[in-house]
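What follows is a short report on a single structure.
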Amino acid sequence: MDKNFTQRSLSGIVYVALLVFCVHPIGADLLYRFFSINIAQAYLYFGLITLLTLGCLWEVFNILKFGKSYERWLVFPLGAFVFYLFAKRYFGYDFYFNFRVSEMLALSLIGIAAVTVFKFVQELYYDNGKLIFAVIYAVLPFGFALGLPQVSFMEGGFSKEVFYLFILIWSSDTFAYIAGRLFGKHKMAPKISPKKTWEGFAGGVLLTLVLSFFIQSYSEEMRGNWMVVGVLVAVFAPLGDLVESQLKRSFGVKDSGNIIPGHGGILDRLDSFIICVPVVYLYFVLDRWI
């Protein structure tokens, strides 16, 4: 068996197992059953999101290749401060999904950052632009990710929104790849990601919608309509991959890192998640407000 394939498989299994352990209520249950450790699932999730935020911010910092200006020293303090503001809301049960102007502005900034990568990438050649982009792109989405599940620290409650979001993203990526390999002829963005095809995109959309139907049918207690979430993921997950691909291409980088053997960096695995989270969060806001 090919050594690289074995390495990719093992590291992929560990990566998925870690995510499931931290984003599904089963994680805290397993700790209690096998190690008698009583910890709320919400703490495991917060720890995971904190580590992912730090890892992605570090990789974006390296991709952008900061100069020797003072902005390079502000990336992590500013990122930590922004994440701290979201953490306060997380532990204070302050994600109400009301229509807040501050949230709409923050969500808009993520969209602007994505557009910047495609249309105004020259702005990222200056360290002040790199600083702003790094914090918006690598911190804000994970801050909003803290607001997706319904948590209860006192009662140990934790809902499955993030778990199913990962499932839909993985299904979109996996079946887009399979359909693209089998039927792909028409390139989506040949200069940015040569392997992506419209046929692959269609395959990813199809399976994502099928899974969304079953999620909606058997998990009615969660926020929103998951058929709608499935459509959003099917559309925006490929966009997230294209944003990161364009960012790396603009700075001459192949992989965002090498922390996951055979898979690259954390950002390479979470590029779709970074774009899908704010979109799904906005949908939850609109679903409650309208």
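Extension gain, S108-W73: 0.36 nm per intervening residue step, less the Cα-Cα distance, totals 10.0 nm. Here the chain is scanned for GluC sites (Glu not before Pro) in DSSP loops (not H, G, I, E, B) that have at most 11 other Cβ atoms within 10 Å, and the longest stretch holding none of them is 1-154. Considering only V60, I136, S250, and ranking their Cα positions along the charge dipole of segment 3-288 that arises from unit charges at the beta-carbon of Lys, Arg, Asp and Glu, the one farthest toward the positive end is S250.
Modelled this way, with points 7 Å down the Cα-to-C-beta line, the labels at S152 and W289 are 2.8 nm from one another. Taking trypsin sites (Lys or Arg not before Pro) as exposed when DSSP calls them loop and at most 10 other C-beta atoms lie within 10 angstrom, the chain has its longest site-free stretch at 69-184. If you count Lys pairs in the chain whose Cα atoms are under 19 Å apart, skipping same-chain pairs closer than 8 places in sequence, the total is 19. Say the dipole of segment 71-204 comes from +1 at the beta carbon of Lys and Arg and -1 at that of Asp and Glu; which of F153, F91, Y125 then lies farthest toward its positive end? Result: Y125.
When only the Cβ of Lys, Arg, Asp and Glu is charged (+1, +1, -1, -1), the dipole of segment 1-123 relative to its Cα centre reaches about 180 debye. In this label model, T174 and D255 are separated by 2.2 nm, measuring between points 7 Å along each Cα→Cβ vector. For the chain, the mean residue ellipticity at 222 nm estimated from helices alone is -23500 deg cm²/dmol, where every DSSP H run of n ≥ 4 contributes -39500 (n - 2.57) and the total is divided by all residues, rounded to the nearest 500.
Among Y90, Y164, Y126, the largest mean-square fluctuation in a Gaussian network model of the chain (Cα springs under 10 Å) belongs to Y126. Put a dot 7 Å past the Cα of E123, heading toward its Cβ, do the same for T50, and the two dots end up 3.2 nm apart. Here the extension length gained between D94 and S219 equals 42.6 nm, from 0.36 nm per residue of separation less the Cα-Cα distance. Anyone know which of Q122, Q41, Q216 comes out most mobile in the 10 Å Cα GNM of the chain? Top of the fluctuation ranking is Q122.
Taking 0.890 mPa s as the viscosity and 25 °C as the temperature, the Stokes-Einstein diffusion coefficient of the chain based on its alpha-carbon Kirkwood radius rounds to 124 µm²/s. Taking the chain as a Gaussian network of alpha-carbon nodes connected by springs under 10 Å, the highest mean-square fluctuation of the residues V253, V228, V101 belongs to V101. Rounded to the nearest 20, the size of the Cβ-charge dipole of the chain about its Cα centre is 800 debye, with Lys and Arg at +1 and Asp and Glu at -1.
Laboratory data are not the source of any read-out in this text; all were calculated from the coordinates shown. Keep in mind that this is a model prediction, so the values were computed, not measured. Cβ sites come from the backbone with ideal geometry, for glycine too, and all protein chains shown count toward neighbours.
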